[in-house]
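Scroll down for the structure; my scribbles are underneath it.
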Amino acid sequence: MVDPDRDGRRRQRPECVKCGQRPAAGMKLLLCGGCMTAKYCGLGCQRGDRPEHKLVCKALEEVRDNAVLSLVIAAGRGDLAKVRSLLLAGSKVDKTVSGRRTPLLAAVRRNNTAVVKLLLQSGADANKGDDNGSYPLMSAAEFDGGVAAAVVALLLQAGADANRGNGKGSTPLYAAVCYGNAAVVELLLVAGAEVDTATGDGSTPLMMVAQEGHEAVVGVLLRAGALVDKTKERVNTEPLTPES
Ligand SMILES: [Zn+2]
Ligand SMILES: [Zn+2]
């Protein structure tokens, strides 16, 4: 039988940074939530160590945030090689810090198909937004041209919700219509986007496109069954009763 006290693994067990004690069998040390590095046997030791630990904690937290942000920054620059090497080195694909975009959102804002593809293949959540209520599909729909359509297609393939709005009344379809991108409008409709969802002020995608004059988009919306007269929905009818 192995003597637990002579067991190398046992001797390597971490100790509380304040009192130096190792936890009893079956117990674990508690990790400082700031730096995620310092370990304590309990709240008493954590509090006691705070005055001394504070500066180190902040510095370690900053280093950790910078490590997380390097993926966001590389994605936002469209630096495919850097994104790849950071992911290979173990960067978490969906992590960001408070107030910043996720790597996927940064790549979408850059309209960079290759980086978006790599992040999605690496398991990025196609529906994860940021603190400001931005979502990848919504952001992708706000671009014009073929690259935007490619990014939208990748997001939809990865399970992005075609109807997820920005919480302020706008939807991906509405955004694509505003930017006159018929290819994106078509992709969204095929993926199940509601054609007649009105924004906060009551205007539908068709009303918006009529105002902006994007003819190709009008055609796509009408083929998808957009109501030319939204009031048709509100026609009053008498209740039906069975024939006597
Ligand atoms: Zn302790
Ligand atoms: Zn700490």
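The values are calculated or read from the model by the stated rules, or taken from the named source; none is laboratory data. All figures in this text were calculated on a predicted structure; none of them were measured in a lab. A quick note on method: Cβ atoms are made from the backbone with ideal geometry, for glycine too, and the neighbour counts reach across all protein chains shown.
Residues in the stretch 94-115 that are part of a helix (DSSP H, G or I) and closer than 13 Å to Ala74 by Cβ: how many? Within the stretch 94-115, residues that are part of a helix (DSSP H, G or I) and closer than 13 Å to Ala74 by Cβ number 7.
Restricting the stretch 155-179 to residues that are buried (at least 17 other Cβ atoms within 10 Å of the Cβ) and of a type in the set (Gly, Ala, Ser) leaves a set whose member that is farthest from Val108 (Cα to Cα) is Ser170. Against the conditions (1) surrounded by fewer than 22 Cβ atoms within 10 Å (Cβ to Cβ); (2) at pLDDT 95 or above, Ala107 satisfies every one except (1).
Taken over the stretch 39-71, the criterion of being within 16 Å of ligand 1 (Cβ to nearest atom) and acidic (Asp, Glu) is satisfied by Asp49, Glu52.
In the stretch 121-137, how many are assigned to a helix (DSSP H, G or I), under 12 Å from the mean Cα position of the chain (by Cα) and surrounded by fewer than 22 Cβ atoms within 10 Å (Cβ to Cβ)?
Total satisfying the criteria: 0.
Among the residues of the stretch 113-131, none qualifies, meaning not one is in contact with a Lys or Arg (Cβ under 8 Å, 6 or more places away or on another chain), basic (Lys, Arg) and under 18 Å from Leu155 (Cβ atoms). Looking across Gly33, Gly78, Gly26, Gly99, one residue alone is touching a helix residue (DSSP H, G or I) at 6+ places or on another chain (Cβ under 7 Å) and away from ligand 1 (no atom under 16 Å from the Cβ). It is Gly78.
Within this structure, Val152 fails the test of being closer than 30 Å to Met207 by Cα, outside the structural domain of Ala210 (by TED's automatic domain parsing) and surrounded by 23 or more Cβ atoms within 10 Å (Cβ to Cβ).
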